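Here the structure is laid out as structure tokens; the discussion comes afterwards.
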């Protein structure tokens, strides 16, 4: 296993965290808008997300300034002080909504609604997780839309890929590519490397004033379950205009070479012949991904416990 380029959370010290919690970044952007803004811990900085658009990158080395894409300020500024981002906030939200990235919006909605529900069995610890290695050929191996941790020990770790409707089920970022990456993560036993980083992220979130469940304070390596759980969650599992199939059926065409009644796939699939599920995984029964499908749609998904099976139709490949 190659040495990692970065490690999230270790640079978030008490000095930076205290400065952040006293700032308007925290008080007026995050704390007042916890229904729509979340914090992501990175290596040497934090990101603040709206609709899962990065609207503020705040570096540990310069906690009084945030960096933002000029798109959100109509090209006026790319570095904002805390008072400035408060003034720009409504414009930033409007520009983000205009992008209409439904999959990203659904991803953030799931994350926030789950974490704002104290009764949920899970806590979402990170979004848009990606990890580089020294050696660019491995840069895309670790990519998870959401990482969630159970609130009860031994702490289960759920690695979640999200799809919204039939879009992006195929292609370079499609379901088979994600299964390939998840399976490689599984075979390489990379969970052992991920565990300490999850602890680092949790500790940083606590310092930053994010409401982390008490049970997840001071987690140790031995507190985790032995293996992670892999989830592929599809929202808006509904037929779209111009399509004859549900997203679940479309996904089955990429996974299976022959009709699969349980998934409602109705025809032989050439798509799965070259790189379908069994081509990737073979007969390895130790890899057990779970596929969850829901008809829920934006703007209000109505899912406040992210992996509660009562919200979904569940499919497992035997």
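Could you work out how much longer the chain between residue 188 and residue 275 gets when fully extended? Use 0.36 nm per residue separation minus the Cα distance between them, nm to one decimal. The partial results should precede the final answer.
On the way: separation 87, 0.36 × 87 = 31.32 nm, distance 1.98 nm.
Between residue 188 and residue 275, full extension yields 29.3 nm more.
Once you put a point 7 Å from the Cα of residue 100 and another 7 Å from the Cα of residue 27, both along the Cβ direction, what distance in nm separates them?
3.9 nm
By how many degrees, 0 to 90 and rounded to 10, does the Cα axis of helix 82-99 deviate from the longest principal axis of the chain?
20 degrees
Neighbour counts of other C-beta atoms within 10 Å: give me 257, 250, 130 arranged from fewest to most.
Values: 257 18, 250 24, 130 10.
The fewest-first ordering by Cβ neighbours comes to 130, 257, 250.
Which residues in the range 141-161 place their backbone N less than 17 Å from a point set 7 Å from the Cα of residue 223 along the Cα-to-Cβ direction?
Counting only backbone N, you get 148-158.
Looking at the chain as a GNM with Cα springs under 10 Å, which of 62, 189, 203 has the largest mean-square fluctuation?
62
Stokes-Einstein diffusion coefficient for the range 149-270 at 10 °C in a medium of 1.306 mPa s, Rh from the Kirkwood formula over Cα pairs: what value in µm²/s? Please report the intermediate quantities before stating the final value.
On the way: Rh = 16.8 Å.
Rounded, D is 94 µm²/s.
Given the range 101-316, what percent of its DSSP beta bridges are antiparallel, to the nearest 5? Display every interim value, and only then the final one.
Numbers: 17 of 29 bridges.
Bridges in the range 101-316 are about 60 percent antiparallel.
For q = 0.15 Å⁻¹, what log10 I(q)/I(0) does the chain give under the Debye formula with an equal point scatterer on each alpha carbon and no solvent?
Here log10 of I(q) over I(0) equals -1.30.
How would you classify the range 38-79 from its alpha-carbon gyration tensor, with a ≥ b ≥ c the square roots of the eigenvalues: rounded for a/c under 1.5, else prolate if a/b is greater than b/c, otherwise oblate?
Working: a/c = 3.01, a/b = 1.30, b/c = 2.32.
In terms of gyration-tensor shape, oblate.
Could you check the simple spin-label distance between residue 62 and residue 13, using points 7 Å along Cα→Cβ, in nm with one decimal?
Output for this residue pair reads 1.9 nm.
As a check on your grasp of the helix formula, calculate [θ] at 222 nm for the chain: sum -39500 (n - 2.57) over DSSP H runs of n ≥ 4, divide by the residue count, round to the nearest 500. Don't skip to the answer; put the middle values down first.
Numbers: 8 runs with 90 residues, N = 318.
When only DSSP H runs of four or more count, the value is -8500 deg cm²/dmol.
For a quick check: sort 109, 87, 24 by the number of other beta carbons within 10 angstrom, fewest at the front. Walk me through the numbers on the way to the answer.
Numbers: 109 22, 87 10, 24 17.
Taking fewest neighbouring Cβ atoms as first place, the list is 87, 24, 109.
What is the P(r) of the range 1-100, as percent of Cα-Cα pairs per 10 Å bin from 0?
Final binned percentages: 15, 49, 27, 8, 1.
Of 294, 23, how do they rank once you tally other Cβ atoms within 10 Å and put the fewest first?
Least crowded to most crowded, the residues run 294, 23.
Taking the chain as a Gaussian network, Cα atoms linked when under 10 Å apart, which of 52, 208, 194 shows the biggest mean-square fluctuation?
Most flexible of the set in this elastic network: 194.
Since every read-out is calculated from the coordinates, none of them should be taken as a lab result. Computed from a predicted structure; not experimentally measured. Here the Cβ is made from the backbone with ideal geometry for all residues, glycine too, and neighbour counts use every protein chain on show.
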